[in-house]
Amino acid sequence: MKRNFMKRHSLFLTTFLAALLGFFASRPAVAHTDGHPSIHDTVAGVIVRLKRELTADQLIELTVPDAEAFLTPSDREILGTEHLRFRVNVPVVVTIVRDSSLGDEPFWLAGRGFKPTGLKFKLARRDFDTWEKEFPAGEIGLGVHNLTGRGTHYLVLLKPRQAGSTIKITDFYPAQLRTANFVAGVEPYVDQADKLPAVPAELEGQLLVQTESDSEEDARLVSLFNKTQYPATDHVDQVVLTWSDDPRTSQTIQWRTSTNITKGIVRYQLKSAGLALEVKSARTKRATTEPLATPTLVNDPLINRHTVALRGLKPGTTYVYSVGDGSPNGWTDLAEFTTAPAGVAPFSFVYMGDAQNGLDRWGVLLHNAYHARPDAAFYLMAGDLVNRGAERWDWDSFFENSKGVFDRRTLVPVLGNHEYQGAQPLLYLAQFALPRNGPKTIPPERAYAFEYSNAKFIILDSNLDAHKQTAWLEKQLANTKAVWKFVSYHHPAYSSGGNRDNEDVCNLWTPIFDKYHVDLALQGHDHAYLRTYPMRGQQRVAMAKDGTIYTIAVSGTKHYEQQPHDYTEVGFTKVSTYQVLDIQINGNRLVYRAHDVDGKVRDEFVIEK
């Protein structure tokens with residue numbers, strides 16, 4: 001027994017240390033391969049020193065001066081010069097366009113001789129100031145965004161020191177950086193499609209180095225460490241239902257425990273009138289158990305996640321189940337799930353936009369939806385389930401505020417940009433087992449598809465290259481005989497705000513929606529409710545039978561202002577909603593209603609086929 005315990009302890013320790021050392025090395029930028037030191041290795045080394053020398057409370061309360069004090073001269077040199085690098089053919093003036101809310105950050109700006117110009121202006125609703133320094137021809141290295149990860153990543157502009165010279169840039173690091181003229185309509189970042197509607201006249205026409213917005217957190221040390229309000233225990237929690245296979249004959253169940261619990265089991269049977277589970281006759285299945293390490297969570301850095309995929313179930317059937325570790329007192333209370341019907345049958349589902357902020361208030365909305373419509377078969381969430389997708393304390397709050405719902409009704413999640421915090425949606429993928437039937441051109445479980453009754457659901461990942469999902473999207477729509485077709489993705493084709501349309505989504509995906517007559521595109525991201533007129537060919541059409549309706553909804557407490565658009569049929573803001581879609585078989589009717597937290601109907605329409 002002691003040897004087994006030590007073996008498990010060693011495994012968990014190894015997992016934890018590997019996660020700690022790899023946490024920052026796996027961030028957006030890749031390691032240097034040309035002899036230059038790595039930002040990510042440097043940050044990982046600082047993290048190790050911080051954890052070795054500071055208490056949990058000191059880590060959580062770490063300030064910028066505290067973090068800077070931990071930087072060795074070598075650290076400061078690397079973090080101040082190796083974040084971005086390129087070579088210029090002529091002497092240049094480098095202008096750093098900086099989010100002015102950052103105060104004295106980044107530390108290297110003044111330290112390396114950049115001088116403030118006095119020019120201040122707004123870009124995309126944020127205040128910026130500018131700093132300049134002259135460089136000779138040759139290699140230029142620039143430092144990290146800051147040590148907090150907050151604010152908008154700085155912009156880099158170049159102009160020749162000698163009028164009439166032409167700047168040529170080579171040897172970019174990271175290699176994906178690009179250049180563009182700094183004019184209205186430019187995309188400032190290589191990893192975002194957002195464009196600047198205007199630029200200051202004083203800087204117009206300069207050469208812009210398009211950086212990576214996501215690299216703003218590459219050197220984050222401050223506000224990196226946190227505590228979870230809901231640490232794992234030996235008792236099962238965070239039970240959530242998803243589909244990773246055919247909804248008619250399968251159900252996937254996931255949960256967590258502390259690392260003291262190394263085994264997980266589901267026992268289940270057909271629901272009887274008494275809602276009781278007969279232990280002797282119940283079927284059981286062993287879970288796959290995997291450790292999940294979050295090195296920056298100081299009070300609960302390592303937990304176990306348990307996953308079971310039940311297959312061979314009867315379609316259209318309700319089962320009761322319990323999960324646990326197999327010990328007599330280690331089982332959860334009974335919950336239930338219902339498989340999808342074998343054929344065509346009426347059904348309802350709930351669609352929600354971004355939860356993201358105010359998860360306690362979102363939990364009230366979610367539970368109100370569940371109690372108002374217990375018949376809803378599943379819940380589709382169109383991305384940004386949480387605000388800090390790389391931080392488990394935020395996910396712990398999400399699960400705490402959804403308990404009692406997602407252990408009884410299947411969650412169909414969509415990836416938003418906040419799940420991609422830290423470049424990859426690692427915690428999302430670790431906590432949700434999803435279908436692996438998406439396009440081969442992107443990683444699995446980012447996009448997927450399933451059918452339920454007479455409806456086809458296609459989930460897309462608008463954070464990734466839309467081109468790489470287009471052929472698969474068309475194949476899914478071309479090969480279905482479903483009466484109703486729904487697509488869901490996070491970034492809207494038609495924005496409810498200003499200058500937030502997503503051109504690749506609009507130009508690449510909506511023509512396919514038109515070709516195969518997708519009924520509804522269920523979107524998020526904009527935090528203001530929108531329903532478009534039926535759209536076809538990016539133009540309004542008279543009837544739903546002639547086009548696709550695009551919706552945007554928000555279920556959390558973060559709200560944006562809304563701009564008027566000629567495609568908006570219904571729009572409002574500062575209201576959190578859940579949407580119930582009823583698919584009626586008699587007459588092939590779809591009834592859509594948007595409800596606020598009190599159940600009041602804020603929007604509704606009917607489509608008949």
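FYI, it's all coordinate maths here, none of it is from the lab. Bear in mind the structure is a predicted one, so any value in this text is a computation, not a measurement. Every residue, glycine among them, receives a Cβ derived from its backbone with ideal geometry; neighbour counts consider all protein chains shown.
What shape does segment 345-608 have by the C-alpha gyration tensor, where a ≥ b ≥ c are the square roots of the eigenvalues, rounded means a/c under 1.5, and otherwise prolate means a/b greater than b/c and oblate the rest?
rounded
Tell me which aspartates and glutamates have Cα within less than 12 Å of K403's Cα, excluding those fewer than 8 residues away on the same chain?
D237, D360
Roughly how many whole Å is it from the C-alpha centroid of segment 243-266 to that of segment 296-329?
So the two Cα centres are separated by 4 Å.
Can you work out the Karplus-derived ³J(HN,Hα) for every residue in segment 296-309? Use 6.51 cos²θ - 1.76 cosθ + 1.60 with θ = phi - 60°, whole Hz, and x for glycine or proline.
8, 8, 6, 9, 7, x, 9, 10, 10, 10, 10, 9, 10, 10
Compute the Kirkwood hydrodynamic radius of the chain, taking the inverse of the mean of 1/r over all pairs of distinct Cα atoms, and give it in Å to one decimal.
26.2 Å
Taking 0.36 nm per residue of separation and subtracting the Cα-Cα distance, what length does fully extending K481 through R126 add?
Details: separation 355, 0.36 × 355 = 127.80 nm, distance 4.80 nm.
Fully extending the segment from K481 to R126 adds 123.0 nm.
Checking the table K468/K545; K440/K468; K122/K195 against a 19 Å threshold on Cα-Cα, which pairs fail? All intermediate terms of the calculation are to be shown ahead of the outcome.
Numbers: K468/K545 29 Å; K440/K468 9 Å; K122/K195 14 Å.
Listed pairs above 19 Å: K468/K545.
Find how many whole Å separate the alpha carbon centroid of segment 546-560 from the alpha carbon centroid of segment 482-535.
For segment 482-535 versus segment 546-560, the Cα centre distance is 9 Å.
To the nearest 500 deg cm²/dmol, what mean residue ellipticity at 222 nm is calculated for the chain from DSSP H runs of n ≥ 4 alone, each contributing -39,500 (n - 2.57), summed and divided by the residues?
-5500 deg cm²/dmol
What whole-number distance in Å separates the alpha-carbon centres of segment 109-166 and segment 346-361?
Centre-to-centre distance over Cα atoms comes out at 41 Å.
Cross-link candidates for K456: which lysines have Cα within less than 16 Å, leaving aside residues fewer than 8 places away along the same chain?
Those lysines meeting the cut-off are K475, K481, K485, K515, K609.
Please name which of P197, I167, V222 has its Cα lying farthest along the dipole of segment 159-261 towards the positive end, using unit charges on Cβ (Lys, Arg +1; Asp, Glu -1) and the Cα centre as origin.
Farthest towards the positive end: I167.
What is the ratio of the Cα radius of gyration of segment 82-217 to 2.2 N^0.38 Å, with N the residue count, to two decimals?
0.97
Around T410, which amide H atoms from residues at least 5 apart in sequence, or from another chain, sit under 5 Å from its own amide H, with H modelled in the peptide plane?
Sorted by chain and number, the residues that satisfy this are Y379.
At what distance in nm do the modelled label points of H371 and N507 sit from each other, each positioned 7 Å from its Cα along Cα→Cβ?
Label at H371, label at N507, 4.9 nm between them.
By how many degrees, between 0 and 90 and to the nearest 10, does the Cα long axis of helix 2-22 differ from the longest principal axis of the chain?
Tilt relative to the chain: about 50 degrees.
Students often forget the sequence filter, so: which lysines lie under 26 Å Cα-Cα from K51 once same-chain residues fewer than 8 apart are removed?
The qualifying lysines are K7, K227.
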